[in-house]
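The values are calculated or read from the model by the stated rules, or taken from the named source; none is laboratory data. Here the structure is a predicted model, which is why all the values come from computation and not from measurement. Cβ placement follows ideal geometry from the backbone for every residue including glycine, while neighbour counts extend to all protein chains displayed.
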Amino acid sequence: MKQLPPFSAVAWTIAAFVISALPHLAAMPPWLAAGILGACAWRLAAARYRWGPPPRLLRIVLTGVALVFVLVAFGGLWGRRTATVLLCVMLGAKMMEMFAVRDLRLVASVSFFLIATQFLFSERLIYLVYLVSGSLVATIALTRIQTVHGGQWTARGGSELPAIRQAAVLLMLAAPVALTLFVLFPRLAQPLWGLPDQVMDGRTGLSEDMSPGSISNLFLDDSPAFRVEFDGPPPPPGERYWRGPVLWNFDGTTWTRPFFGDAPSRQFVAEGPRSLSYQVQLEPHERRWLFVLDYPVRGPDQALITVDHQMLNRHPVTTLTRYDVVSNPDFTDMPELSSGAQAVALRLPEDRNPRTRALAQELRERHPDDRALINAVLGWFREEAFYYTLSAAPLGRHGADEFLFDLRSGYCEYYASAFAILMRAAGIPTRIVTGYQGGFWQAASEYLLVRQSDAHAWTEVWLEGDGWTRVDPTAAVSPARIEQGSRSVIDGPRHLFDLNWVENLRNQYDRIQHLWNRWVLGFDHDRQRSFLRGLGLPDLTTDRIALLMLLVLGLVMAPLSYALLRQPRGRAASEVERAWQLMLRRLKRRGLTRQASETPLEFARRVRNARPQEGERIVELALMYCRIHYGEVQDDARPFIEQARAFRPARA
Amino acid sequence: MSAVLRRVGRSLPGRTLQAWLDGWVARRGPTRPPLTLKYRQIFILPTRFGWLLGLLMFAMLMGSLNFNNNLGLLTTFIVAGLGSNSMLLAYRNLEGLRILKTGASPVFAGQPIQFLITIASDAGRERPGLELRHGSTAQVFSLPARAITEIALPVPTRHRGWLTLDRLALQTGHPIGLFEAWSWFWPERAILVWPRPAERPPPLPEGDADREGSEQRRNPDGDEFYSLRAWREGDPLHRVAWKASQRHNTLLARDLRQPRSRDLVLDLARAPGRDLEERIRVLTAWLLQARRQDRSWTLRLGGKAIGPDRTEAHLHACLKALAEQP
């Protein structure tokens, strides 16, 4: 049995593992995380009390049990999450046999891998801290393992400081290379293999369908949904309708997308005088929608504009995605409504909402004109006691009835759904559009921040001559919601920290996050090209960029290597030594060179023979020098240093 | 990696390769002390752990590139930076080291040689985690700034004669063991291995003519006055010839000698033993015994005779002659 590794190396390795696994542990079932942490704790105790590894059979059984648990917990569903959890569990099991240099190193280096895999799930700014601390601890662990390598397990000294300092220096020296590679390593324009479809950990984005009362938690979520930079001035708040899924089908409780939802648009939207050009940075939301203003003229290459003017990405958006869009608000959507579309846009379940149907009949009799009818309903919403609130009651079977006649308080989904049902009952083709409305204008950084809490739902009615026209019933009830954003309509704090200065801080933080997204996370194939173009380089192909990278890498490495490999100049160790060397150099200039074989005294005596007038002085100094170096009683070096420096041999 | 190259020398094609490799190394620069390690003598390759991390890095790179994951890429490139730096640092840890000399005191066959290698560093920085390796034995050490150290490497011996050590390696995995830098060098001279003394040798051959026949008990210090000589440091006080010293105005000490006994003649041809090696071993034991008893002896090897003498130098000359016996 080999000697056991020292506590320090084991502790640093485990620390590296735990830090890099922390986000993964938080995302897995608690009992699994507890098991892994338990294994780490056992290994630490083993290092502390010098226990040996458990029997081989026990190790195999425990590992097998852990694997079975993972399979049960994840139901054999293979994805990135399952893979990383499996990796964490395997490393946890490795704790039981982490007793050799090889195993320690393996765990420490896989920590880097764990850090990298975490970024598949989230790339928020805060994870920079995680990246730096994880890498640092893993490097310290590797340094510590190296110092005990070679069969000599006895660690030098008790202090951890030298190892920490060495690791920090190593990381800092790695930074120039890492940054060069980061900027110049050619990015892929197309992924090499398919992207997985599920990455978000229970975070909600806008859902594919809408049933009033089911997703109110989204309105409490202040995390950013996307950020927009406009080429010109931003549109006024009342026009910031970010179009998402368009819902046509209604089954009585839930609005869903129609079967033709993914069909490409056959209408050409031309650019107009009011068309807007802007860039959107979309946070991952696992769906294919790219949010745009009405009506998208053109989007990125990999996107498709559907028949109801949604923009769909080719793959689900699983990483921060940047896209350029041009929208033209002046466009008539479907001046002619086909009979098929009309049928879908009018369909209602027969046995629901009798009171709403009756109201629709009554309104229809009073207002034969569609526009007058719509205005009448909006006026009714405005004048009657309808309230906008986020704490709305869930609706039952006759949802629109309950809402329009009894509750009269709810948020956008309630209004949109009830309004659409009312319109359809009155014979006006209606569809629901979900997406986001508004956004916070970061004036200092000139971008629009749209949060999850800005999620919104509105309706579009088809009117003779105008085509599909946006009608937002919420605006009738609560104009502030549209003009000043979702935050303005909420009375009282939503949670404990809903304070103004916290809000300001959040906005400040988001500006940093925006820069981070823009320059670090969004630095993709296109941005790399435009960055290089900005430097005045011509449009480079991938292999040219690779060549450039190697060139710059050489340029960066050269001074680094020089600084590292430069031998410090042959400076004498002590002041005494330097004074003595100075004296020798002065004598040498007068033609008196000390031979390598001569001791200081022998040399001084030879000088005395050659130049008696100052020889005594030299012998005296040589004696002082020898006494300082070899004397039993340590002489004070000061007089010698002063006299030796002052010594000037006369010209021969 | 040098471990792989070390292992090469086992098979026959391996030996050819080894010879070629050694020749190539020798052509690149000095390989025998005293030598200063420069870039021509320092080799560097990734360790097994280095390859493993490289593989891991490749996986990270492909994954991050595919998912266009910039933080993942950054992590990958940090590891790459660590790798490239640790290559430089491993090289730097050896660069400029001076191997001043190698050598060892002779030992009897069967005892391990303490092979001493003197290594100096002029650099103003520490050189941690150095490893000196010969075959399967290795010694780990660190050098402080501007220091000279002597490393003892135990080398087992089996046969008498001149032992030529093969290649030694001075290597380092500093700072995190991703790369191993190493330098090969050969000792500047062979080491003498004396014959192994017989364990229970027959008594010393007292010769056929027992003329003087006086076998006095020998006092190690001797008790017979021999001469006066100048006092040397270390002479015990009771040896000082105080009266004589006063007369000559300088300290004199009495030199004492053993009563002179008969010379021994140790002849290889007449030593007991079944074969040459056994006779040599017996003879070796006799030499040591004679020296212990401070007797004068002559060693006869075929036609050659060494001695008579009784000194340590004589003993060494005799042992060397025995070790070199064909």
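Can you find a residue in the range A:313-323 that is under 19 Å from A:Thr459 (Cα atoms) and either over 24 Å from the mean Cα position of the chain (by Cα) or in contact (Cβ under 8 Å) with a residue 60 or more places away in the chain (or both)? Spell out the reasoning first.
Let us first name the residues in the range A:313-323 that are under 19 Å from A:Thr459 (Cα atoms), namely none.
No, the conditions are met nowhere in the range A:313-323.
For A:Tyr415, state whether it is of a type in the set (Phe, Trp, Tyr) and closer than 30 Å to A:Val307 by Cα. Before you say what the answer is, go through the steps one by one.
On the way: of a type in the set (Phe, Trp, Tyr): yes; closer than 30 Å to A:Val307 by Cα: yes.
Spelling it out, A:Tyr415 is indeed of a type in the set (Phe, Trp, Tyr) and closer than 30 Å to A:Val307 by Cα.
Identify all residues within the range A:635-649 that are touching a residue at least 40 places away in the same chain (Cβ under 8 Å) and in a loop (DSSP other than H, G, I, E, B); write none if there are none.
Within the range A:635-649, A:Ala637, A:Phe647, A:Arg648, A:Pro649 qualify.
Output yes when any residue across the range A:100-112 is in contact with a helix residue (DSSP H, G or I) (Cβ under 7 Å, 6 or more places away or on another chain), crowded, with 18+ Cβ neighbours inside 10 Å and of a type in the set (Phe, Trp, Tyr), and no when none is.
Scanning the range A:100-112, I find at least one residue that is in contact with a helix residue (DSSP H, G or I) (Cβ under 7 Å, 6 or more places away or on another chain), crowded, with 18+ Cβ neighbours inside 10 Å and of a type in the set (Phe, Trp, Tyr), so the answer is yes.
Could you say whether any residue in the range A:360-376 is under 42 Å from the mean Cα position of the chain (by Cα) and in a loop (DSSP other than H, G, I, E, B)? Break it down into steps so the answer makes sense when it comes.
Start the filter on the range A:360-376 by keeping residues that are under 42 Å from the mean Cα position of the chain (by Cα), which leaves none.
No, there is no match, as no residue in the range A:360-376 is under 42 Å from the mean Cα position of the chain (by Cα) and in a loop (DSSP other than H, G, I, E, B).
Which residue out of A:Ser409, A:Ser417 is under 22 Å from A:Phe219 (Cα atoms), under 44 Å from the mean Cα position of the chain (by Cα) and free of Cβ contacts under 8 Å to residues at least 60 places away in the same chain?
Of A:Ser409, A:Ser417, the one residue that is under 22 Å from A:Phe219 (Cα atoms), under 44 Å from the mean Cα position of the chain (by Cα) and free of Cβ contacts under 8 Å to residues at least 60 places away in the same chain is A:Ser409.
Which of the residues spanning the range A:577-621 are among the small types (Gly, Ala, Ser) and touching an Asp or Glu at 6+ places or on another chain (Cβ under 9 Å)?
Keep residues of the range A:577-621 that are among the small types (Gly, Ala, Ser), which gives A:579, A:591, A:596-597, A:604, A:610, A:615.
Within the range A:577-621, A:Ala579, A:Ala604 meet the criteria.
With B:Gly81, B:Gly129 as the choices, which residue is facing chain A (nearest Cβ under 7 Å), of a type in the set (Gly, Ala, Ser), in contact with a helix residue (DSSP H, G or I) (Cβ under 8 Å, 6 or more places away or on another chain) and without any contact (Cβ under 8 Å) to a residue 12 or more places away in the chain?
Of B:Gly81, B:Gly129, the one residue that is facing chain A (nearest Cβ under 7 Å), of a type in the set (Gly, Ala, Ser), in contact with a helix residue (DSSP H, G or I) (Cβ under 8 Å, 6 or more places away or on another chain) and without any contact (Cβ under 8 Å) to a residue 12 or more places away in the chain is B:Gly81.
Looking at A:Leu551 and the list (1) touching a Phe, Trp or Tyr at 6+ places or on another chain (Cβ under 9 Å); (2) more than 14 Å from every other protein chain (Cβ to nearest Cβ); (3) not basic (Lys, Arg), which single condition is not satisfied?
Against the list (1) touching a Phe, Trp or Tyr at 6+ places or on another chain (Cβ under 9 Å); (2) more than 14 Å from every other protein chain (Cβ to nearest Cβ); (3) not basic (Lys, Arg), A:Leu551 comes up short only on (1).
Might you check whether a residue that is modelled with pLDDT of 85 or more and not charged (D, E, K, R) occurs anywhere in the range A:561-574?
Kept after step one, since they are modelled with pLDDT of 85 or more, are these residues of the range A:561-574: A:561-562.
Next, only the ones that are not charged (D, E, K, R) stay: A:561-562.
Yes - at least one qualifying residue is present in the range A:561-574.
On the given criteria, is B:Ser105 within 14 Å of chain A (Cβ to nearest Cβ) and either among the aliphatic types (A, V, I, L, M) or without any contact (Cβ under 8 Å) to a residue 60 or more places away in the chain (or both)?
For B:Ser105, the condition - within 14 Å of chain A (Cβ to nearest Cβ) and either among the aliphatic types (A, V, I, L, M) or without any contact (Cβ under 8 Å) to a residue 60 or more places away in the chain (or both) - is not met.
All but one of (1) touching a Phe, Trp or Tyr at 6+ places or on another chain (Cβ under 7 Å); (2) in a helix (DSSP H, G or I) hold for A:Val70, so report the exception by its number.
Result: A:Val70 passes all but (1).
Among the residues of the range A:58-112, what is the count of those that are touching a Gly at 6+ places or on another chain (Cβ under 9 Å) and within 14 Å of chain B (Cβ to nearest Cβ)?
So the answer is 4.
Would you confirm whether or not the range B:53-64 contains a residue that is buried (at least 22 other Cβ atoms within 10 Å of the Cβ), more than 17 Å from A:Leu142 (Cα to Cα) and not hydrophobic (A, V, I, L, M, F, W, C)?
Looking through the range B:53-64, at least one residue is buried (at least 22 other Cβ atoms within 10 Å of the Cβ), more than 17 Å from A:Leu142 (Cα to Cα) and not hydrophobic (A, V, I, L, M, F, W, C).
Is it true that A:Leu390 is under 15 Å from A:Thr459 (Cβ atoms), in contact (Cβ under 8 Å) with a residue 12 or more places away in the chain and under 46 Å from the mean Cα position of the chain (by Cα)?
Considered against the rule, which asks whether it is under 15 Å from A:Thr459 (Cβ atoms), in contact (Cβ under 8 Å) with a residue 12 or more places away in the chain and under 46 Å from the mean Cα position of the chain (by Cα), A:Leu390 comes out as no.
When only residues in the range B:110-125 that are loosely packed, with under 15 Cβ neighbours inside 10 Å and under 23 Å from B:Ala90 (Cα atoms) count, which is farthest from the other protein chains (Cβ to nearest Cβ)?
B:Arg125
Quick check, is B:Phe67 more than 7 Å from chain A (Cβ to nearest Cβ) and either modelled with pLDDT of 90 or more or in contact with a Ser or Thr (Cβ under 8 Å, 6 or more places away or on another chain) (or both)?
Criteria not met by B:Phe67.
Select from the range A:48-82 the residues that are of a type in the set (Gly, Ala, Ser) and either modelled with pLDDT under 85 or surrounded by 15 or more Cβ atoms within 10 Å (Cβ to Cβ) (or both) and list them in ascending order.
If we filter the range A:48-82 for residues that are of a type in the set (Gly, Ala, Ser), which is where we start, we get A:52, A:64, A:66, A:73, A:75-76, A:79.
Of everything in the range A:48-82, those that are of a type in the set (Gly, Ala, Ser) and either modelled with pLDDT under 85 or surrounded by 15 or more Cβ atoms within 10 Å (Cβ to Cβ) (or both) turn out to be A:Gly52, A:Ala66, A:Ala73, A:Gly75, A:Gly76, A:Gly79.
Hey, among the residues in the range A:172-191 that are facing chain B (nearest Cβ under 7 Å) and more than 16 Å from A:His525 (Cα to Cα), which one's surrounded by the fewest Cβ atoms within 10 Å (Cβ to Cβ)?
Step by step, filter the range A:172-191, then rank; the result is A:Ala175.
How many residues does the range B:40-64 hold that are at the interface with another protein chain (Cβ under 7 Å from one of its Cβ atoms), under 14 Å from A:Leu181 (Cβ atoms) and not polar (S, T, N, Q)?
1
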